[in-house]
1. Return the Rg/Rh ratio of segment 86-147 with Cα-based radii and a Kirkwood Rh.
2. Place +1 on the Cβ of every Lys and Arg and -1 on the Cβ of every Asp and Glu in the chain, take the dipole about the Cα centre, and give the residue among Ser51, Thr21, Leu65 whose Cα lies farthest towards its positive end.
3. In whole Hz and in residue order, list the ³J(HN,Hα) couplings for segment 77-91 that follow from phi through the Karplus curve 6.51 cos²θ - 1.76 cosθ + 1.60, θ = phi - 60°; x for Gly and Pro.
4. To the nearest 20 debye, what charge dipole does segment 53-97 have about its Cα centre, counting +1 at the Cβ of each Lys and Arg and -1 at the Cβ of each Asp and Glu?
5. For segment 86-139 and segment 33-50, what is the centre-to-centre distance using only Cα atoms, to the nearest Å?
6. Largest first and in whole Å, what are the equivalent-ellipsoid semi-axes of segment 111-162 based on the Cα gyration tensor, each being the root of 5 times an eigenvalue?
7. Using just the C-alpha positions of segment 16-116 as equal point scatterers, what log10 of I(q)/I(0) does the Debye formula give at each q in 0.13, 0.22 1/Å?
8. Return the tail of the calculated pair distribution for the chain, meaning the percent of Cα-Cα pairs more than 20 Å apart.
Amino acid sequence: MAFTLRSALPLCLMLLITACTGVPDGVEPVTGFDKDRYLGRWHEIARLDHSFERGLTAITAEYSLRDDGMIRVVNSGTRIDNGERDVAEGKATFVGADDTAHLKVSFFGPFYGSYVVFELGSNYDYAFVAGPTTDYLWLLAREPQVDDGLKQRFVARASALGFDIDDLIWAE
């Protein structure tokens with residue numbers, strides 16, 4: 001999930017207005033979550049469209065520990081129009097227990113949005129991630145490509161949970 005620097009302010013204003021740390025109906029965060037295993041680089045495989053990622057390709061998210069115990073989030077993507085890399089840095093912390101994959105992420109001041117891992121590969125090789133509503137959805141993986149079986153599983157699970165899978169954007 002990448003954010004362009006130019007788009008951070010509108011997103012943050014939206015987060016302020018909606019106080020987005022909830023979980024979509026039917027979505028259950030993964031329990032037994034190990035943040036240390038989740039750290040590192042993830043590649044975006046699929047997403048629902050949002051202005052903060054529009055026009056980007058080769059989107060990645062890099063998670064690492066900060067000195068204050070929070071998680072550093074560095075999202076980046078290559079602009080299709082000019083080939084430049086857009087980078088945005090934020091922070092994340094757990095909404096509740098740190099073994100439940102429901103976090104809140106901020107890219108601007110005190111404004112947070114939900115980050116809910118609702119399915120996770122046993123080897124932490126893929127993650128299905130939702131935001132506060134069914135308007136936000138990502139398939140992330142450690143590698144830039146995944147097999148068709150995982151894609152089909154993602155589509156089926158997301159559809160059953162009420163996400164609009166017809167609007168999914170797949171990484172090239």
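1. Working: Rg = 12.6 Å, Rh = 12.8 Å.
Rg/Rh: 0.98.
2. Leu65
3. Once rounded to whole Hz, the list reads x, 8, 5, 5, 6, 9, x, 7, 8, 8, 10, 9, 10, x, 9.
4. On the way: 6 positive and 8 negative charges, 16 e Å.
In debye, rounded to 20, segment 53-97 gives about 80.
5. Distance between centres, Cα-based: 8 Å.
6. Details: eigenvalues 74, 39, 15 Å².
For segment 111-162, the ellipsoid semi-axes come out as 19, 14, 9 Å.
7. With one equal scatterer per Cα and no solvent, log10 I(q)/I(0) is -0.51, -1.35.
8. Details: 7067 of 14706 pairs.
It works out to 48 percent of all Cα pairs.
Values in this text are rule-based calculations from the coordinates and carry no lab data. None of these values were measured; they are calculated from a predicted model. Backbone-built Cβ (ideal geometry, glycine too); neighbour counts: all protein chains shown.
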